[in-house]
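The values are calculated or read from the model by the stated rules, or taken from the named source; none is laboratory data. Everything numeric in this text was worked out from a predicted model, so none of it was measured. Backbone-built Cβ (ideal geometry, glycine too); neighbour counts: all protein chains shown. These accessible areas exclude ligands, DNA and RNA; they are computed on the full protein's heavy atoms, side chains included. Shrake-Rupley method; radii C 1.70, N 1.55, O 1.52, S 1.80 Å.
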Amino acid sequence: MIITLKSGINKAQVDAIQKSIKKFGLTPHVSHGAVRTIIGVIGGNDYKYKEQLEALEGVESVTPILKPYKLVSREFRKDDTVIDIKGVKLGGQQVAIIAGPCSVDTKENLLLCARAVKKSGAHFLRGGAYKPRTSPYAFQGHGETALKYLAEARKATGLPVVTEVMDTRQVDIVCKYADVLQIGARNAQNFDLLREVGLCKKPVMLKRGMANTIEEWLMSAEYIVSKGNSNVFFCERGIRSFETATRFTMDINAIPAIKHLTHLPVIIDPSHGVGVRDYIGAIALAGIAAGADGVMVEVHPKPTEALSDGPQALLPVTFDALMNDMRKVAFAVGRTI
Ligand code: PEP
Ligand code: MN
């Protein structure tokens, strides 16, 4: 890192700063310019002592050279990471499709949905058992019962299951049934939960917090990977903006940005990013065109019976048509579905 000192600083103050740097086990290299003195600091982690160094008398700014995330960065691994989830390869040439209801309601609806999306060519079944609802009075999910239905649907269709884990106390039970652990937008910076799923073997789909920068999102992934679980992929699900015509604002920019900054795969969730049934298809296609490695879409065979997000759920027939359109866009950008 580079420490820029305030102008007018005297030798005794520079010496005191150097002494503090050495105290942290780091090596200072002082450079006196015509106007300013800067100190190049070698050794250690650029972030461990950053704030202590900033607090030293006479320091104007501390500029890290390294990124605040490492294992997930492109510098660490040049090639794209391809995650193999029960034979479905995420992050390679194929665009993976995850479809299913927002939350699991009845077993019949789930099986109906799973069979329909499978027939249309989806690769994964999604469905919430533990739901992160904004209101404590809204439906909170059927918990383990829903996990059991998901396992039955997997058995019936062969589709691996993606489902959300909201709390460190749920990690064991969700691991027992799920093939992919979903970390929702509201938990994207629940660092204890990130560490806990980092100790699991199951792949993790990390959604972007609705007010998180791309760098914060990458650091969340670093929490998981640094605990030993490198099977992590990102899911852009829209961010908060001033706009109210759609539920969130889909940050398509994030797709190429993430692909540039990290070797891990990224998918797009137009259902939550847009939240308006009629616009979801267009944004799913835009995501694939922008380079997304997958698309997650909410589908429900009877949206009026859905216990959450019914208004944005696609009917199976609409999803089927969207699959055809997604195939065409994927083909146009040199990929398959
Ligand atoms: C979901 O996928 O059902 C969900 C709750 O998404 P998010 O965390 O992005 O709001
Ligand atoms: Mn939902």
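Here is how the numbers come out for the structure above:
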quantity: Output for the range 309-329, where each listed residue is open to solvent by 30 Å² or more (accessible area, probe 1.4 Å), on the phi < 0 side of the Ramachandran plot and part of a loop (DSSP other than H, G, I, E, B); calculated: Leu315
quantity: Lone unmet requirement of (1) under 30 Å from Lys302 (Cβ atoms); (2) free of Cβ contacts under 8 Å to residues at least 40 places away in the same chain; (3) not hydrophobic (A, V, I, L, M, F, W, C) for Arg115; calculated: (2)
quantity: Given (1) touching a residue at least 60 places away in the same chain (Cβ under 8 Å); (2) in contact with a Lys or Arg (Cβ under 8 Å, 6 or more places away or on another chain); (3) of a type in the set (D, E, K, R), number of the condition Lys227 does not satisfy; calculated: (1)
quantity: Residues satisfying the stated conditions in the range 71-82, i.e. under 17 Å from Ser226 (Cα atoms) and touching a residue at least 24 places away in the same chain (Cβ under 8 Å); calculated: Leu71, Val72, Ser73, Arg74, Phe76, Arg77, Thr81
quantity: Check on Val276, touching a Cys at 6+ places or on another chain (Cβ under 7 Å), assigned by TED's automatic domain parsing to the domain that holds Ala129 and more than 30 Å from Glu222 (Cα to Cα); calculated: no
quantity: Positions within the range 54-79 being in a loop (DSSP other than H, G, I, E, B) and open to solvent by 70 Å² or more (accessible area, probe 1.4 Å), in sequence order; calculated: Ala55, Glu57, Ile65, Leu66, Lys67, Lys70, Glu75, Phe76, Arg77, Lys78, Asp79
quantity: Single condition Ala96 does not satisfy, out of (1) assigned by TED's automatic domain parsing to the domain that holds Ala151; (2) among the aliphatic types (A, V, I, L, M); (3) open to solvent by 10 Å² or more (accessible area, probe 1.4 Å); calculated: (3)
quantity: Every residue from the range 285-305 that is open to solvent by 10 Å² or more (accessible area, probe 1.4 Å), under 17 Å from Val274 (Cβ atoms) and within 16 Å of ligand 2 (Cβ to nearest atom); calculated: Pro303
quantity: Where Lys201 falls short, out of the listed (1) surrounded by fewer than 23 Cβ atoms within 10 Å (Cβ to Cβ); (2) touching a Leu at 6+ places or on another chain (Cβ under 7 Å); (3) over 26 Å from Thr249 (Cβ atoms); calculated: (2)
quantity: Which numbered condition Ile337 misses (of (1) within 16 Å of ligand 2 (Cβ to nearest atom); (2) not assigned by TED's automatic domain parsing to the domain that holds Ile97); calculated: (1)
quantity: Within the range 207-238, tally of residues that are aliphatic (A, V, I, L, M), more than 12 Å from the chain's Cα centre (by Cα) and open to solvent by 30 Å² or more (accessible area, probe 1.4 Å); calculated: 1
quantity: Test: residue in the range 41-53 that is in a strand (DSSP E or B) and surrounded by fewer than 16 Cβ atoms within 10 Å (Cβ to Cβ); calculated: yes
quantity: Failed item in (1) within 28 Å of Gly228 (Cβ to Cβ); (2) touching a Gly at 6+ places or on another chain (Cβ under 9 Å); (3) open to solvent by 80 Å² or more (accessible area, probe 1.4 Å), with Lys118 passing the rest; calculated: (1)
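The rows are residues; the columns are (1) of a type outside the set (A, V, I, L, M); (2) crowded, with 22+ Cβ neighbours inside 10 Å.
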| site | (1), (2) |
| --- | --- |
| Ala156 | no, no |
| Thr163 | yes, yes |
| Val171 | no, no |
| Cys175 | yes, no |
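Conditions tested, residue by residue: (1) of a type in the set (S, T, N, Q); (2) under 19 Å from Pro101 (Cα atoms).
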{"site": "Met250", "(1), (2)": "no, no"}
{"site": "Ile258", "(1), (2)": "no, no"}
{"site": "Ile268", "(1), (2)": "no, yes"}
{"site": "Ala289", "(1), (2)": "no, no"}
{"site": "Val297", "(1), (2)": "no, yes"}
{"site": "Glu305", "(1), (2)": "no, yes"}
{"site": "Leu314", "(1), (2)": "no, yes"}
{"site": "Thr336", "(1), (2)": "yes, no"}
